[in-house]
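Everything on this sheet refers to the single structure shown next.
Computed from the coordinates by the stated procedures, all read-outs in this text should not be read as laboratory data. Because the structure is a prediction, the values reported are computed rather than measured. Cβ atoms come from the backbone with ideal geometry, glycine included; neighbour counts cover every protein chain shown.
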Amino acid sequence: MSIDLWITAITPGIALALMIYFYDRFDREPFMLILKLFLFGIFVSIPVLFVEMLLSLGNIFPGMLGIAYTAFIVAGLTEEFFKRWVVLRIGFKHSAFNEKLDGIVYAVMTSLGFATLENVMYVVFSNSDTPYI
């Protein structure tokens, strides 16, 4: 795999994370906390993968109902539950969490880490001739 595919997959998440970090001008969060949340957003995808595979085995619904089960229960509920767990375990208990906007920043950083790994996995495991799209 070429280096430009890696850059294409990683750049959006890092760029958005830096934008959010520097946009908070008045009470900026500790950089190490933000980095930790971003990295745990990446790491939490491992248990998500196993839980999604387990829940996919329970898909007994045909047609559109099966698609809805996969989209909302398997993917949506599982991913959002684990990202919320990271924010509550790391961000919410940190002493720097002192205003409502902090919770939003923490959730965004965790989600961007998760999305960055999803981008990388899409590029790495894509059989498409056009992974840039």
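In the elastic network of the chain, a GNM with C-alpha springs shorter than 10 Å, the most mobile of ALA115, ALA68, ALA17 is ALA68.
In the chain, a dipole from Cβ-located charges (positive for Lys and Arg, negative for Asp and Glu) runs towards its positive end, and of LEU77, MET53, MET121 it is LEU77 whose Cα lies farthest in that direction. Applying a DSSP loop filter and a limit of 15 other Cβ atoms within 10 Å to the chymotrypsin sites (Phe, Trp or Tyr not before Pro) in segment 56-119 leaves PHE92. In the chain, excluding the sites themselves, the longest stretch lacking any of the trypsin sites (Lys or Arg not before Pro) that are in a DSSP loop with at most 10 other Cβ atoms within 10 Å is 26-92.
Computing Kirkwood radius over Cα pairs in Å for the structure here picks out one of (i) 15.6; (ii) 17.0; (iii) 16.2, namely (iii). Note on MET32/LEU54: beta-carbon distance plugged into 1/(1 + (r/R0)^6) with R0 of 35 Å gives a FRET efficiency of 0.55.
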